[in-house]
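S.K.: If you scroll down you'll find the structure; I have some questions about it.
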Amino acid sequence: MKLGDRVWIRDDNSRHYEPGRFGPVYRKTFKVRTIVGETETRLFWILDGEGYMVSKKTGSLRCPNADGSWYGLQPRVWTSEREVDLDIWAHDYRPEVVRAVQWCRSPETLRKIADLLIAEGQLAAKDVNGFET
């Protein structure tokens, strides 16, 4: 990230509903912000609007409290529309994928899924030991 870059943040307090849809529209919780500066310590980027800051090291978003202190708002910001689209896809289809995996009866398919999760660091190989992959 650098000065002038656009980033996307999620505002869970901003809820938009559409007729015939249960729950808020996830896509509309994202807001575009621009990096407008950096803190004196150079540890954080400053975003336009609402006083948000982004850690240069971790990419986590911080927001000011009314008393001037800070709290971590989100574990990350999104740096491209593609990242936002992928997050929205994961949010919208995760329940169906989880349900399909839960009901999957093919050991080969489950092993492939386990291998992918191990490669992504989402599953420890020791948790599915007993068979060589």
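The values are calculated or read from the model by the stated rules, or taken from the named source; none is laboratory data. Note that the structure is predicted; figures quoted are calculated from it, not measured. Don't worry about glycine lacking a Cβ; one is built from the backbone with ideal geometry, like all the others, and counts go over all protein chains shown.
S.K.: Does the range 5-14 contain at least one residue that is exposed (fewer than 12 other Cβ atoms within 10 Å of the Cβ), farther than 21 Å from D85 by Cα and assigned by TED's automatic domain parsing to the domain that holds S60?
M.R.: So in the range 5-14, the residues exposed (fewer than 12 other Cβ atoms within 10 Å of the Cβ) come out as 12-14.
Next, only the ones that are farther than 21 Å from D85 by Cα stay: none.
Within the range 5-14, not a single residue is exposed (fewer than 12 other Cβ atoms within 10 Å of the Cβ), farther than 21 Å from D85 by Cα and assigned by TED's automatic domain parsing to the domain that holds S60.
S.K.: Across the range 1-24, which residue is farthest from L47 (Cα to Cα) among those that are aromatic (F, W, Y) and out of contact with any strand residue (DSSP E or B) (no Cβ under 6 Å at 6 or more places or on another chain)? Give the steps one after another, and end with the answer.
M.R.: At the first step, the residues of the range 1-24 found to be aromatic (F, W, Y) are 8, 17, 22.
Pick out the ones that are also out of contact with any strand residue (DSSP E or B) (no Cβ under 6 Å at 6 or more places or on another chain) and you get 17, 22.
Working: Y17: 27, F22: 32 Å.
Filtering the range 1-24 for residues that are aromatic (F, W, Y) and out of contact with any strand residue (DSSP E or B) (no Cβ under 6 Å at 6 or more places or on another chain), the one farthest from L47 (Cα to Cα) comes out as F22.
S.K.: Count, please, the residues in the range 93-133 that happen to be at pLDDT below 90 and either loosely packed, with under 10 Cβ neighbours inside 10 Å or under 15 Å from the mean Cα position of the chain (by Cα) (or both).
M.R.: 9
S.K.: Then there's this: What residue, of Y71, Y52, is in the same structural domain as D12 (by TED's automatic domain parsing) and either exposed (fewer than 15 other Cβ atoms within 10 Å of the Cβ) or at pLDDT 90 or above (or both)? So that I can check it myself, show each step before the final result.
M.R.: Working: Y52 fails: either exposed (fewer than 15 other Cβ atoms within 10 Å of the Cβ) or at pLDDT 90 or above (or both).
After ruling out the rest, the residue left standing is Y71.
S.K.: In the range 1-54, what count of residues is obtained for those that are in contact (Cβ under 8 Å) with a residue 24 or more places away in the chain, farther than 16 Å from D92 by Cβ and of a type in the set (D, E, K, R)? Walk me through how you get there before you give the answer.
M.R.: We begin by selecting, within the range 1-54, every residue in contact (Cβ under 8 Å) with a residue 24 or more places away in the chain; these are 1-10, 26-27, 30, 32-38, 45, 47, 52, 54.
In the following step, the residues that additionally are farther than 16 Å from D92 by Cβ were identified as 1-9, 32-38, 45, 47, 52, 54.
Going one step further and asking which of them are of a type in the set (D, E, K, R), we end up with 2, 5-6, 33, 38.
Number satisfying all stated conditions: 5.
S.K.: If you go through the range 1-19, how many residues are assigned to a loop (DSSP other than H, G, I, E, B) and among the aromatic types (F, W, Y)?
M.R.: Within the range 1-19, the subset assigned to a loop (DSSP other than H, G, I, E, B) is 1-5, 11-19.
Applying the additional criterion that residues be among the aromatic types (F, W, Y) yields 17.
Residues that pass the stated criteria total 1.
S.K.: Here's a follow-up. Need the failing condition index for G59 against (1) closer than 16 Å to D5 by Cα; (2) in the same structural domain as V7 (by TED's automatic domain parsing); (3) at pLDDT 85 or above, just the number.
M.R.: All conditions are met except number (3).
S.K.: Going by what's in this entry, would T41 be described as outside any loop (DSSP other than H, G, I, E, B) and among the hydroxyl-bearing types (S, T, Y)?
M.R.: no
S.K.: Which is surrounded by 10 or more Cβ atoms within 10 Å (Cβ to Cβ), part of a helix (DSSP H, G or I) and assigned by TED's automatic domain parsing to the domain that holds D11, of R27, R33?
M.R.: Every option except R27 fails the conditions.
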